[in-house]
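Every number here is computed from the coordinates shown, using simple stated rules; none is lab data. Here the structure is a predicted model, which means the values were calculated and not measured. Here the Cβ is made from the backbone with ideal geometry for all residues, glycine too, and neighbour counts use every protein chain on show.
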Amino acid sequence: MLTVENLQKSFGGVQATRDVSLAFPAGSLTAIIGPNGAGKTTFFNLISGQIRPDAGRVVFDGEDVVGRSSLEMVRRGMARAFQVASLFPSLTVREALTAAVTAHQRRSWSLLARFPLGQSRARVEELLELLGLGAKAELVSSSLSHGDQKLLDIGLALAMDPKVLLLDEPTAGMGPDERWRMIEKVHHLWQAKSLTMIFIEHDMDIVFKYAQAVHVLKYGAVLAQGTPAEIRRNQDVIDAYLGTDHHLAEGAA
Amino acid sequence: MRAGLMRDLGLGLIGLVLLLALPALFPHPSLRDFLIYVIAYGLLAMSLNLLVGLTGLVSFGHAAYFASGAYVFGLLMQGGAVSIPVAMLAAVGGTALLALVIGAICVRLKEIYFSFITLAFQMFIHSIILTWVDLTGGDQGLRGGIPRPPFLGIDLGDAGTLYAFCAVVFVACLLVMRQVWQSPFGYTLRMIRDNPARANFLGVDVVRMKLGVFVLAGTMASVAGIIMALFVSGAFPEFGFWTTSGEAIFMIMLGGTQVFLGPVIGAFLLQLLNHYVTIWTHHHGLVLGIVILAIVLGLRRGVADYAMAWLADRRAAAAPPATPAKAAAPAETKAAG
Amino acid sequence: MNLDVLAGCVATASCFVTQVSTGLIVGMLLFLVASGLSLIFGVLGVVNFAHGVFYMLGAYFAFAAYEATGSFVLALLAGAAGAGLVGIVFERFFMSRVYGKDLLMQLLVCYAAILICDDLVKIVFGADYKLMGMPEAFATAPVEVLGGFIPGYYIFMVGMALGIGAVLWLGINRTRLGKIIRALAINPQMVGALGINTRLLYAGVFGMGCVLAGTAGALAAPVRTLTPGMGLSVLIESFIVTVIGGMGSIPGALVAAILIGLTRAFGAIGFPLFTDGLMFALMGLVLILRPSGLLGARTA
Amino acid sequence: MSNGANVTGRRVLLGGAAAGAAMLAMPRIAGAQAKVIRVGMPTILSGRVAILGTSSRAAVQYAFGRINEAGGLGGRTLQLVERDSKGRPDEAAKVTRDLINNDGCEIIIDGEASSGGFAVHEVVRDLPVLCIHTNSETSSLTADPKLHVKTAFRCARQGIHDAVAGGVYASGISKQRGLKRWMTCSPDYAYGRDNTAEFLEFAKMYDPAIEVVDQVWPRLFAPDYTENITKALQVKPQAMYSALWGGDLVSFIEQSNLYRLFPNVALFSSSLGDPPVLTAIKQLPAGLHTAYRYNRNYPEKPANTAFADGFTALAKHEPTNWAWQNYVAAQFIAEALKRTNGRTEGAALAAELKGMQISSGLAVEEKLTLRDTDHTLIGYPTAWGRTVPKAPFVEDFAPIPWSQILEMETQWKKQKGYA
Amino acid sequence: MSAPPNPGVPILEVKGTDVFYGASQILFGIDLAVARGQTMALLGRNGAGKSTTFKAIAGIAPPRRGQVLLSGAAVSGKAPYLVARAGIGYVPEDRQVFPEHTVEDNLIVGAKAGPRGDRHWTAERIYEVFPLLAGMRHRMAGRLSGGEQQMLTIARTLMGNPDILLLDEPSEGLAPIIVRAIGDLIRTLRGMSVTILIAEQNMHFCLGVATHATVIDKGQVVYSAGIDELRGNDAILQRYLAV
């Protein structure tokens, strides 16, 4: 579904991404881990068209998409959710989802019709149910709880009917219980929509439990890639990231 | 939503009837003059609020399109070749073109830089009006009055007819803007206002949408300019000066940016204030300044927004603790903890 | 357009010297006003649309002090200090209440300040034209440099402005207070957590910005007419300077002010009909090509 | 401070209950027999040119006060209601309508500058009360028959008269002193450009040797003129004409002084001879040429001196150019009312004012005339004089004969297609 | 460190503190005491109220009820900068260095005399204790790695000669190997008898550096003891810290 080849990017002389080549098969669930400043979010920005790589190829759905704008990437089916939920604070949950669906249906320019459009309704109901936000549909986005905000952020991305969904730290800033509930939900969405999903995550318990594959970045380069079990045993990863005293390295989860 | 449309049309009709009835009930020319002023500046403020309140684009240069409407219309009428409706259409169309060209450059900039460049273009247009004396009459404006030849049996030379015409145009423009406000287009603009980057990631072409509303707001402002030109029978460079933009901004802040009719309320209040303050004192700057401070620092938002928030609070207080309050708590906990 | 004349002027020492000095004279007062505007924006993140008021107040305070004492030094001090004090009061009681609110709120508070101050000046000093008068010390013939002429007062004025600019630059980059102020611009909460009174600092920086504008007004008082509302045209020009130089950048303000000054000085020679248009065109161009200005750090 | 503010019983306000408070005024006591005749004045009372409005207002107040003290007009008194237009023409139009429709003003003294004057002119076309423009110098306002309004008059200097007078005077000096190389420095707006072009036209007509070597156009209300002054240093003209006025002119002169410009360049200024400008300049160079704007010693008549003293007592400063124009307008209005026996209809007053002559201390000879053909003032002082550093600041007024001015004006009108 | 006025009194005491954000109450009568020389860990899940407790102490979220005492004197109700001057060195989460200042300038901005006029932390002394920073003194702070920035923020606050150091989530978002280096640093400071209060979610990190621990949950203190005692208390660890 998505492959990147020899991706390069530097900002003012600092190499943020060095020669990254990775593959994400259709329907896979992949985690990207790495220490802070490893270039994980930059990697998302590069493949979603927000910034243009200096060199390299991004092949999405069989086509080289380097240099395409983020707008075009969304329209081709690559959606993303953000580390800090990126919402429309003054819109209600329903309004936000409806507006997103309307945008996806290319009806944003409808000046003569009234909002909401009839053809968006079924899709919005479906999304509300999928997210479990039905009871909170009329609440203003900014008044949602942190978890629900993250969920709505993902819901907005899902409204794009994406082929590939990028999630930047879906459990960031949550307590342990909430984290598990969240990742369960994400996992459920992945199964229900048979998406290709890529997520950045710091919580190794979650990564090792849910990801099918794990890619480790360090200083903008790929340090390791493999199954969770392989990564857990990888000495490079332990040295650079996990550390020997990490309880996970000892297999206690 | 058919129902919403019908309701708005109905309310528009009632508003129009009221506007037409007022001068008939109180047949005094100064009331009519006053209302035409409110109509022209209210329309200008409403059109600006499409940018400020709906899209989050703070334009400092909106008066440029007000002036463009007035001048194009006035010049065409003084040329004597076309009728009033044709000149109006041409003025609106010409202004749309102008807004398209300027907007194409401006909407790419963000926040304060957008404000500055709109201001710069306005100063540029103002200086063109001042220096192109042969066409515009320079600082003295379009001299000699704007003829108002009758068309379709309507004689705008008659003050009552002129007022009725302005009221009809006003209500029609309000209905157009209401439709924009309630359309999918309008809701997409709200997305852009709240979070343009996110809107972009949801497949919204932010730059083109902004340009679209910029042109729309420009055309609506030009209608306001035409009304003003018809009324004062002239066009003046001050129409395109930054102070006119500043007044429009003050009107929307005074009335409120989030309630649809807020800017009209603001225009009404400001005209009322101006009217009485200039009568009772020659230190109207002092008085107006103090009023502005009282509103900005006291209410902290426009009166219509304030009233809406107050009503919402009362309703919330009357009802048993609603879900939003409960839902808000964890969010704040997180933000804080 | 008259490029031959322009080329001729650049090639002649006397014309070149006079016009370069003209550029500095025009530019340096603008720089003082614009650097205050930039300082306030850079540290407090607000645009002081009322900045012209402090220029006006500086001029009127200087005028009043000069009338009362006949001392030019006292007049300068009164202009600078008076504008600074009013600035601090304005910041504490009004501006500080709209920090972090939307731009329009700040705009309106400033608009109110302009209306009120213009009216107060009219009430106190009258609507007629005032001029402070040239101090005796400067009532000399212009100095001749390579055949060009530069009035003594303008040499003093440019020197003052450059000196103030240098002190400002050193103060911000070399002193601990300057480092704290730069930190305040980036992260005020953190600065507060380190035991520094940020509110006092905000008021101080705002006041400092107003002192710069007031100094410019006081320096202008002997050669420019004082009227209520005189701040407006200076405000617009210093805005252009700030935008070209980069909002928040004081070196940017210097570069842009000199650029504008020279554009006007040589524009008057080469493009006499389009000198003002050149200024707007320059600003438009900068906004389109580099919205954060020539030396601005923040990206648009 | 505000006279119009203290009127009692002037208006009653009703908040409209329906569409959010409607504004409404009780019909005034109209008609010819009201005790007070109210005269409305839209003018500029705020901003950079507030002195225009304050001195215009003071002049009318002074004139009305004297008339009322002397028993009024057949028992009726005159009352001024002034309103600030803030220098905005649309606002001028609005307050004018309001003064007529709402405040019961039956006569308008238009104290606006040119742009506002045209706006008020159009209002008067709609609402035909008597209107006297007192501050607009733009010739076309009354000279262009297309703009003619039956009830509108101008009681102010006119640009074309000034231009002829200036041309006659300047050419005399230029011939005598051999001033061939001229430069101009005027504000970049319609008045500045028209005024300068007209001056040059007549100066060159009378002295064809005059050559304009350069023209600079600083912005109106520019704070600084240094680049224009140093440009003059490069161009080295023998003479300079400037249509700068008010505070701009004060700045320009003082800044030029720093460069010692005027010992080498003969300045001809259209507006320097106005007392507030002359008194504001701290170092007024001697020998600058200026058109008469106002002077307590010229015309040398007791009535003029009395006006100067009376005005100064009220306004706390010397009369301005705007002051005498408004004072004269008030006198014309009083005379017309006398002749109509207090009838205030625009047409009736206009019929009297057409061609009216009054004796005045401001007349260069005996009488001032409101010419019937184009409703404009003639016979006022059009002299030029030279500055001296101390009061009275301008001396040696050289009058330019009105016959010469009128002859040239007629030619100019033909050329413009006005006659 | 010069001795505080009343050696018997804890350096920091939080007494019955309630904190509200708007209408919602976050802290319910928090009681906390840190004695001189202790390294106290404030443990709890996300949202338990750790950061809010810190903000209450630092004066950023003033308590509606209760008191914060520093060496027996109330500091609650004072503005944050006055609290800092009284001797509380608050290091907020997220490593808030001044990115466009050099390392040394960051330290200079933080420099101030302690509450009793003492200035025993100088830049030179900092470089001795933080040798990593010494080599970077002219580097822009924004160019440092996350771990280096965390060290700089601690050093910067030490430059203010506080009586007690408050570290909010010093390990958050750092790679495990960097976390260990931060732990070493805290142990070094402990060895210099600097009093420290650390808020952490990372139990393992705290168990390694703290001498005492207080556990809070839902805005209330639920447990307080020496660190070894906590280590042995599986019930508490399971129930409140989800280990």
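Some points to look at:
- Taking all Cα pairs closer than 8 Å and separated by 6 or more residues, the relative contact order of the stretch D:266-385 comes to 22 percent.
- Angle of helix D:114-126 to the longest C-alpha principal axis of chain D, folded into 0 to 90 degrees and rounded to 10: 30°.
- D:Ser359 versus C:Thr69: modelled label distance in nm, points set 7 Å from Cα along the beta carbon direction: 5.7
- Mean shadow area of chain C over all directions, Cα convex hull, nm²: 16.5
- With both residues required to sit in the protein assembly as shown, DSSP beta bridges show an antiparallel share near 45%.
- Counting only alpha carbon atoms, the long axis of helix B:262-280 and the longest principal axis of chain B meet at about 60°.
- Each Lys and Arg adds +1 at its Cβ and each Asp and Glu adds -1 at its Cβ; summed about the Cα centre, the protein assembly as shown shows a dipole of about 1200 debye.
- Compared with the dominant Cα axis of chain C, that is its longest principal axis, helix C:198-220 is turned about 20°.
- With a Förster radius of 56 Å applied to the C-beta separation of D:Arg339 and C:Val124, the computed FRET efficiency comes to 0.80.
- Along each principal axis, Cα extent of the protein assembly as shown, largest first, Å: 117, 75, 62
- Once C-alpha pairs closer than 8 Å and six or more residues apart are averaged by separation and normalised to the residue number of chain D, the relative contact order reads 16 percent.
- With contacts taken as Cα pairs under 8 Å at a separation of at least 6 residues, chain B carries a relative contact order of 29 percent.
- Calculated P(r) tail over 20 Å for the stretch A:1-153, as whole % of Cα pairs: 59
- CD proxy at 222 nm, helix term only [per DSSP H run n ≥ 4: -39500 (n - 2.57); per residue of chain B; nearest 500]: -25000 deg cm²/dmol
- Chymotrypsin sites (Phe, Trp or Tyr not before Pro) lying in DSSP loop within the stretch C:77-116, provided at most 16 other Cβ fall within 10 Å: C:Tyr99
- Shape descriptor for chain D: Rg over Rh equals 0.99 (Cα atoms; Rh from the Kirkwood inverse mean 1/r).
- Residue-count net charge about A:Leu223 - beta-carbon cut-off 13 Å; Lys, Arg +1, Asp, Glu -1: -1
- Taking label points 7 Å from Cα along the Cα-to-Cβ direction, D:Lys150 and D:Ala209 give a separation of 5.4 nm.
- Eigen-decomposition of the gyration tensor built on the alpha-carbon atoms of the stretch B:2-241 gives equivalent ellipsoid semi-axes of 30, 24, 14 angstrom, largest listed first.
- Taking the DSSP beta bridges with both ends in chain A, the antiparallel portion is around 55 percent.
- Charge tally in the Cβ shell below 15 Å around A:Val58, where Lys, Arg are +1 and Asp, Glu are -1, A:Val58 excluded: 0
- Reachable lysines from C:Lys179, criterion Cα separation under 30 angstrom, eight or more residues apart if same chain: B:Lys110, C:Lys101, E:Lys55, E:Lys78, E:Lys112
- Pairs from D:Lys175/D:Lys204; D:Lys86/D:Lys316; A:Lys150/A:Lys185; A:Lys9/A:Lys218; D:Lys146/D:Lys414; D:Lys282/D:Lys390 whose Cα-Cα separation, in the structure shown, is over 20 Å: D:Lys86/D:Lys316
- Chain E, Rg to Rh (Cα coordinates; Rh as Kirkwood inverse mean 1/r): 0.95
- C-alpha center-to-center spacing [the stretch E:150-228, the stretch C:62-136] in angstrom: 51
- By the beta carbon rule, with partners counted only under 4.7 Å, chain C holds these lone Cys residues: C:Cys110, C:Cys117, C:Cys210.
- Put in line by how crowded their Cβ is, counting other Cβ atoms within 10 Å and starting with the fewest, D:Phe393, A:Phe88, C:Phe156 read C:Phe156, D:Phe393, A:Phe88.
- Along the stretch D:299-306 the Karplus relation, 6.51 cos²θ - 1.76 cosθ + 1.60 evaluated at θ = phi - 60°, assigns HN-Hα couplings of x, 7, 9, x, 5, 5, 4, 4 Hz to successive residues, with x for each Gly and Pro.
- Protection proxy ranking, peptides B:263-276, E:156-169, average beta carbon neighbours within 10 Å, highest first: E:156-169, B:263-276
- Interatomic Cα distance distribution for the stretch A:63-104, bins of 5 angstrom, percent: 5, 18, 22, 24, 17, 8, 4, 1
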